[in-house]
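Read the structure below first, then the notes.
The values are calculated or read from the model by the stated rules, or taken from the named source; none is laboratory data. Keep in mind it's a predicted model, so treat the numbers as computed, not measured. Cβ: placed from backbone, ideal geometry, glycine included. Neighbour counts: every protein chain shown. Please note that ligands, DNA and RNA were not included when accessible areas were found on the heavy atoms of the full protein model with its side chains. Shrake-Rupley method; radii C 1.70, N 1.55, O 1.52, S 1.80 Å.
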Amino acid sequence: MAVYSISTQKSAPGDETQIRWHLDFPIQGQTIDGSLLNHEGVLFQGWLLDQSDSPISLVVLSGCEVIPLTLSRPRSDVISKILGDSPEDHPKLHCGFSQQVKLKHSSFSIGVVKEGRFIQILTGAIEGKFQILKGENGWLFLDNDTNKSIEQHTGKFRLSRTARTEWKEYLGSLTDYSKSKKLPVCLLVAPSKEMVYQQYYPYKFSKQAPIRKLTELIPDTLNFVLPIQEFKNLDRRSFRVCDTHWTVHGARLASQLVSSKLSFRDVNELDIFNSDVYQRKRSSGDLGSKLFPAQLHEEDRLISFSYREKVIYDNNVDNFGRVICMFNQDALLCETLLVFGSSSSYTMFDYLTRLYTNIVFVHTAGNIDHNVLEAVKPDCLCLQTNARFVVKAPKFEGSVFEYIKAKKTSGVLKSPTIAETLPAHSVPYIKFFNEMLR
């Protein structure tokens with residue numbers, strides 16, 4: 001569940017000098033768990049004193065909703081410290097309020113209603129950890145992310161000389177390795193959604209954007225997939241409206257494009273998914289969930305097939321260092337595909353497992369571990385990363401063990417999941433992956 005922060009700002013004082021108040025909670029910068037926010041609401045606690053004889057009421061405004069805050073809590077501290085009087089039997093003793101309020105909008109205000117007028121005393125907002133850029137037609141995009149997505153797209157954040165040099169070394173080593181080992185290799189870069197759906201994005205795609213400069217470095221001999229135009233031409237939407245990741249249809253096409261490069265077959269020959277059944281479901285995604293209330297949009301999900309039924313091993317390591325092995329004897333190609341990928345690879349599994357008998361996925365975002373290569377001995381190799389990551393080149397000689405070692409030091413690892421019966425050829429490399437956890 002997402003974590004939000006609460007910002008508050010006192011309104012400019014008016015002529016209502018007889019009103020004195022203080023808000024104990026929420027405080028500026030306070031964080032709150034999304035689950036708590038939805039189920040229990042926000043605690044509004046504080047006190048209010050009005051020295052006039054006119055009746056007064058305290059309210060929270062959220063959208064069109066008006067929520068009364070009842071002044072019923074005794075605050076002897078306020079009477080003694082603010083008024084300098086004895087709290088005992090004081091007529092203003094019950095000047096405090098403490099109430100859980102479920103907000104339906106991200107912004108709110110607190111004010112008093114006095115003599116038929118609303119006097120605003122504070123404004124507030126519930127914000128996600130990351131700012132979300134709202135495009136046209138409800139499309140959401142990354143804003144102040146650590147990869148500086150907007151600055152990359154507009155060319156303000158460019159591919160540095162160091163990054164260019166490291167990319168050249170990585171691509172050159174990859175090409176040489178593929179040739180020497182006679183191993184088909186494909187580099188798949190998942191485009192950012194703003195590259196595909198530029199019409200919904202408020203900024204223009206610069207020729208100086210890092211991803212465009214990277215494409216100039218790709219050797220002609222290397223299989224390279226950056227499916228911007230293919231996604232634009234796809235008959236179904238290729239990216240989720242409220243998420244950074246591609247849809248199941250984008251994942252399907254990406255899987256076919258990669259397989260086409262590696263198997264030297266036409267993409268149409270690999271279109272074996274015509275009988276797939278999808279169901280529409282409203283979901284918030286990794287962007288919509290950061291807004292309050294969460295923004296939802298209908299997305300297709302595959303219901304006629306699940307790669308999870310083909311998983312024979314999962315080390316259950318979160319993010320980098322995750323290893324998942326899959327086996328499907330009914331797949332189109334009787335080959336082993338090794339994928340050094342990122343989060344975008346996961347939605348490809350439903351399609352790759354029907355194209356390749358054996359899939360070994362390692363979450364490295366394109367970093368290559370040669371010990372894994374030696375253990376798996378794949379028939380083909382896919383390196384997958386995301387366009388917003390390319391400002392830093394992957395490593396040609398990385399270490400999955402180091403990722404797992406770092407996870408060990410920061411916490412306890414989960415137990416791996418292993419199928420009761422394993423295909424004979426997978427036993428050695430699953431044993432290898434399991435030993436990394438010890």
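Between K281 and E402, what FRET efficiency follows from the Cβ-Cβ distance if R0 is 45 Å, with the result rounded to 0.05?
Values: r = 38 Å, r/R0 = 0.84.
It comes out at approximately 0.75.
Got a sec? Charge dipole of region 53-97, +1 on Cβ for Lys and Arg, -1 for Asp and Glu; which of C64, L93, P74 is way out at the positive end?
Final value for the positive-end residue is C64.
Determine the dipole magnitude for the chain: charges of +1 sit on the beta-carbon of Lys and Arg, -1 on that of Asp and Glu, nothing else is charged, the reference point is the Cα centre, and the result goes in debye to the nearest 20. Please list the in-between numbers first.
Working: 52 positive and 48 negative charges, 212 e Å.
My answer is approximately 1020 debye.
Students often forget the sequence filter, so: which lysines lie under 19 Å Cα-Cα from K92 once same-chain residues fewer than 8 apart are removed?
Here the lysines satisfying the reach criterion relative to K92 are K81, K114.
For region 235-254 and region 348-377, what is the separation of their C-alpha centers, rounded to whole Å?
Region 235-254 and region 348-377 have Cα centres spaced 21 Å from each other.
Taking a cut-off of 18 Å between Cα atoms, list the lysines near K377, but don't count ones fewer than 8 places away on the same chain.
Partners within reach: K179, K181, K182, K431.
Rounded to the nearest 20 debye, what is the charge dipole size of region 238-284 about its Cα centre when +1 sits on each Lys and Arg Cβ and -1 on each Asp and Glu Cβ? Intermediate values should be presented prior to the final figure.
Working: 7 positive and 5 negative charges, 57 e Å.
Computed charge dipole of region 238-284: roughly 280 debye.
Which residues make up the longest stretch of the chain clear of GluC sites (Glu not before Pro) that lie in a DSSP loop with no more than 15 other Cβ atoms within 10 Å, not counting the sites? It would help to have the intermediate numbers written out before the result.
Numbers: sites that count: E16, E40, E88, E115, E216, E397, E420.
Maximal segment without exposed cleavage sites: 217-396.
Under a Cβ-only charge scheme (Lys and Arg +1, Asp and Glu -1), can you give me the dipole magnitude of region 193-287 about the Cα centre, in debye to the nearest 20? Write out the running numbers ahead of the final one.
Values: 15 positive and 11 negative charges, 91 e Å.
Taking the Cα centre of region 193-287 as origin, the dipole is about 440 debye.
For a quick check, take a GNM of the chain with Cα springs below 10 Å and name the residue from S72, S57, S86 with the largest mean-square fluctuation.
Top of the fluctuation ranking is S86.
In whole angstrom, how far apart do the alpha carbon centroids of region 14-58 and region 405-438 sit?
52 Å
How much length would be gained if the chain were fully extended between N38 and N434, taking 0.36 nm per residue of separation minus their Cα-Cα distance, in nm to one decimal?
Numbers: separation 396, 0.36 × 396 = 142.56 nm, distance 3.99 nm.
Gain on extension, N38 to N434, equals 138.6 nm.
Can you give the Kirkwood hydrodynamic radius of region 1-128 from its Cα pairs, in Å with one decimal? Provide the component values of the computation, followed by the final result.
Numbers: mean 1/r = 0.0648 Å⁻¹.
Result for region 1-128 stands at 15.4 Å.
What full-extension length gain, to one decimal in nm, is calculated for R308 and S7 as 0.36 nm per residue of separation minus the Cα-Cα distance? Display every interim value, and only then the final one.
Working: separation 301, 0.36 × 301 = 108.36 nm, distance 4.18 nm.
Extra length available between R308 and S7 comes to 104.2 nm.
Once the cut-off is 24 Å, how many percent of the Cα-Cα pairs in region 88-242 end up in the long-distance tail? Walk me through the numbers on the way to the answer.
Values: 6934 of 11935 pairs.
Considering region 88-242, 58 percent of its Cα-Cα pairs are separated by more than 24 Å.
Bins of 10 Å, beginning at zero and ending with the bin holding the largest distance: percent of Cα pairs per bin for the chain, please.
Result, from short to long distances: 4, 18, 23, 20, 13, 10, 8, 4, 1, 0 percent.
At 7 Å along the Cα-to-beta-carbon direction for both T154 and R117, put a label point, then send me their distance in nm to one decimal.
Each label point lies 7 Å from its Cα, and together they span 4.2 nm.
What number comes out for accessible area per residue over the chain if the probe is 1.4 Å? Units Å², please. Display every interim value, and only then the final one.
Numbers: 21700 Å² over 438 residues.
Accessible surface, normalised per residue, equals 50 Å².
Can you give me the Kirkwood hydrodynamic radius for region 181-253, using every pair of distinct Cα atoms, in Å to one decimal? List each step's numbers first, then the result.
Numbers: mean 1/r = 0.0732 Å⁻¹.
Its Kirkwood hydrodynamic radius stands at 13.7 Å.
Which lysines, on any chain, are close to K102 with Cα under 16 Å apart, when same-chain ones fewer than 8 places away are left out?
Reachable lysines: none.
For I27 and E298 in one chain, what is 0.36 nm times their gap in residues minus the Cα-Cα distance, to one decimal in nm? Walk me through the numbers on the way to the answer.
Details: separation 271, 0.36 × 271 = 97.56 nm, distance 3.55 nm.
Fully extending the segment from I27 to E298 adds 94.0 nm.
Just how far, in whole angstrom, is region 213-227 from region 282-315 if you go by their alpha carbon centroids?
Here the answer is 30 Å between Cα centres.
For the residue pair N233 and T162, what label-to-label distance in nm results when each label sits 7 Å from Cα along the Cα-to-beta-carbon direction?
Distance between the two pseudo-spin positions: 4.0 nm.
Which cross-chain or sequence-distant (5 or more) residues have an amide H under 5 Å from the amide H of A2, H modelled 1.01 Å from N in plane?
G34
With unit charges on the beta carbons (Lys and Arg positive, Asp and Glu negative) and the dipole taken about the Cα centre of the chain, which residue among A125, H105, C334 sits farthest to the positive side?
C334
Mind giving me the FRET efficiency for S57 and N144? R0 is 30 Å, r the Cβ-Cβ distance, nearest 0.05 is fine.
0.15
So what is the calculated 222 nm ellipticity per residue for the chain, using -39500 (n - 2.57) for each DSSP H run with n of 4 or more, over all residues, to the nearest 500 deg cm²/dmol? Please list the in-between numbers first.
Numbers: 12 runs with 104 residues, N = 438.
Value at 222 nm, helices only, nearest 500: -6500 deg cm²/dmol.
Restrict the search to region 244-286; then list the trypsin sites (Lys or Arg not before Pro) that DSSP places in a loop and that have at most 15 other Cβ atoms within 10 Å of their Cβ. Provide the component values of the computation, followed by the final result.
Working: sites: R252, K261, R265, R280, K281, R282; in loops: R265.
Within region 244-286, the qualifying trypsin sites (Lys or Arg not before Pro) (loop, at most 15 other Cβ atoms within 10 Å) are R265.
If you average 1/r over every pair of different alpha-carbon atoms in region 248-333 and take one over that average, what Kirkwood value in Å do you get? Don't jump to the answer; show the numbers that get you there.
On the way: mean 1/r = 0.0635 Å⁻¹.
Roughly 15.8 Å, rounded to one decimal.
Mean projection of the alpha-carbon convex hull of region 312-438 over all orientations, in nm²? Don't skip to the answer; put the middle values down first.
Values: hull surface 31.1 nm².
Averaging across all directions leaves 7.8 nm² for the Cα convex hull.
With a 1.4 Å probe and every protein chain kept in, tell me what percent of the accessible surface of the chain is carbon plus sulfur. Spell out each step's value before the answer.
Details: 10420 of 21700 Å².
Using a 1.4 Å probe with all protein chains present, the chain comes out at 48 percent carbon and sulfur.
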